[in-house]
Amino acid sequence: MARHTALYELHQSEGARIVDFGGWEMPLSYTSQIAEHHAVRRLAGVFDVSHMCIIDLSGARTREFLRFLVANDVDKLTRRGKALYTCMLNESGGVIDDLIIYFLSDSWFRLVVNAATRDKDLLWIRRHAEAFGVAARERADLAMLAVQGPQARALTASLLAPADAAEALALLPFFGSGVADWFIARTGYTGEDGFEIMLPAHTATRVWRALNALGVVSCGLGARDTLRLEAGMNLYGNDMDETTHPFESGLGWTVALEPAERRFIGREALASVKAAGSQRELIGLVLEERGVLRSHQKVLAKDGGTGEITSGTFSPTLERSIAFARVPSGVHARVQVDIRGRLLAARIVKPPFVRAGKSLVS
């Protein structure tokens with residue numbers, strides 16, 4: 001049976017095009033996917049991301065447990081509300097999921113994991129948490145809205161009272177969270193400024209409509225995907241999964257092998273890869289001819305090496321086709337992509353493709 005968020009009836013009433021996403025019926029778009037994309041780049045848009053799984057971890061050894069559970073180092077989190085992006089790995093170094101960890105106290109951390117992996121993630125977390133005496137509580141009582149765009153902070157702050165709450169929100173640092181009644185994090189998946197707001201599910205529709213009244217545009221998962229790829233952000237299941245490790249997925253920066261004494265799941269496998277060098281890497285591509293890059297298209301290098309597109313789309317901001325591709329390490333500036341039997345030229349670039357609405361590729 002398909003799952004629904006607390007905003008499902010609102011999406012229906014707004015005429016959204018509903019699609020299955022990891023077992024959830026979610027809005028792909030409300031009007032035009034491209035118009036929604038541009039709204040986020042130019043003003044502000046709001047997304048329902050309540051299908052993401054919010055998990056609260058509690059117990060005296062929670063920090064110790066997270067040191068063991070994830071590849072990044074939670075000891076970087078020293079200030080309440082600070083956030084950390086990381087991967088959760090299996091013993092062979094494969095990516096079970098990518099997630100964000102929020103520090104609330106040494107005995108209370110909040111995780112946000114992906115919708116399609118929530119069930120296996122909960123099983124994995126609870127399996128390992130037991131040895132540390134840590135409880136993992138799924139927060140199904142909360143909804144989650146992402147408000148993104150150059151005006152997102154100002155418009156969201158205008159909903160809050162008293163004035164000191166709005167001021168605190170305006171000063172919130174990147175990858176930080178705060179404000180009492182709502183859990184508001186200055187994080188996102190679009191490459192624009194903005195917030196991800198966790199709030200009681202029964203209030204989500206009222207807040208969504210209040211944002212709409214301020215000019216924040218309702219946006220679906222279609223625009224979210226083009227925005228995240230322009231911003232150079234990975235999608236679980238496309239750009240990494242349990243068969244790939246962080247060093248071949250553009251996520252080596254999320255692996256903390258220091259301090260050397262910290263033992264975490266997958267450490268030994270990743271240390272071996274680091275020492276030998278990864279045989280594959282994730283690169284950015286810009287198509288130099290007319291066409292659209294899509295997942296699973298073959299990438300051919302001049303030296304005879306081959307790879308594959310992991311995520312591809314037409315970029316509304318650049319008006320060109322862009323992609324991530326996993327290729328043999330050391331591939332140089334240009335490759336060809338097999339698009340329906342035609343070999344089209346593509347240039348290798350370093351993601352992100354777009355930052356704060358501005359092109360980073362020539």
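The values are calculated or read from the model by the stated rules, or taken from the named source; none is laboratory data. Everything numeric here is computed off the predicted structure, so don't read it as measured data. Cβ sites come from the backbone with ideal geometry, for glycine too, and all protein chains shown count toward neighbours.
Every residue in segment 141-170 that is part of a helix (DSSP H, G or I) and either surrounded by 24 or more Cβ atoms within 10 Å (Cβ to Cβ) or at pLDDT 95 or above (or both), please.
152, 156
Tell me, which strands (runs of 3 or more DSSP E) lie completely within segment 272-362 with 1 or more residues that are hydroxyl-bearing (Ser, Thr, Tyr) and buried (at least 20 other Cβ atoms within 10 Å of the Cβ)?
Filter on segment 272-362 gives 306-315, 320-328.
Give the residue that is farthest from the chain's Cα centre (by Cα), with candidates limited to residues of segment 81-122 that are part of a strand (DSSP E or B) and of a type in the set (Gly, Ala, Ser).
105
Output the number of the condition that residue 189 fails; it satisfies all remaining conditions of (1) modelled with pLDDT under 95; (2) under 24 Å from residue 5 (Cα atoms); (3) of a type in the set (Phe, Trp, Tyr).
If we test residue 189 against (1) modelled with pLDDT under 95; (2) under 24 Å from residue 5 (Cα atoms); (3) of a type in the set (Phe, Trp, Tyr), just (1) comes out false.
From the list 263, 228, which one is buried (at least 16 other Cβ atoms within 10 Å of the Cβ) and either assigned to a strand (DSSP E or B) or at negative phi (or both)?
So the residue among 263, 228 that is buried (at least 16 other Cβ atoms within 10 Å of the Cβ) and either assigned to a strand (DSSP E or B) or at negative phi (or both) is 228.
Any residue at all in segment 273-292 that is outside the structural domain of residue 345 (by TED's automatic domain parsing), under 30 Å from residue 127 (Cα atoms) and either within 18 Å of the chain's Cα centre (by Cα) or touching a residue at least 60 places away in the same chain (Cβ under 8 Å) (or both)?
Yes, some residue in segment 273-292 is outside the structural domain of residue 345 (by TED's automatic domain parsing), under 30 Å from residue 127 (Cα atoms) and either within 18 Å of the chain's Cα centre (by Cα) or touching a residue at least 60 places away in the same chain (Cβ under 8 Å) (or both).
Of the residues in segment 192-225, how many are part of a helix (DSSP H, G or I), buried (at least 19 other Cβ atoms within 10 Å of the Cβ) and either modelled with pLDDT under 95 or assigned by TED's automatic domain parsing to the domain that holds residue 324 (or both)?
Summing the residues that are part of a helix (DSSP H, G or I), buried (at least 19 other Cβ atoms within 10 Å of the Cβ) and either modelled with pLDDT under 95 or assigned by TED's automatic domain parsing to the domain that holds residue 324 (or both) in segment 192-225 gives 1.
If I filter segment 67-74 for residues that are at pLDDT 95 or above, of a type in the set (Gly, Ala, Ser), in a strand (DSSP E or B) and not assigned by TED's automatic domain parsing to the domain that holds residue 223, do I get at least one hit?
no
For segment 231-246, name all the residues that are out of contact with any Phe, Trp or Tyr (no Cβ under 7 Å at 6 or more places or on another chain) and assigned to a loop (DSSP other than H, G, I, E, B).
231, 234, 235, 237, 238, 241, 242, 243, 244, 245
Tell me whether segment 82-91 contains one or more residues that are more than 20 Å from residue 144 (Cα to Cα), surrounded by fewer than 19 Cβ atoms within 10 Å (Cβ to Cβ) and hydrophobic (A, V, I, L, M, F, W, C).
No; the residues of segment 82-91 include none that is more than 20 Å from residue 144 (Cα to Cα), surrounded by fewer than 19 Cβ atoms within 10 Å (Cβ to Cβ) and hydrophobic (A, V, I, L, M, F, W, C).
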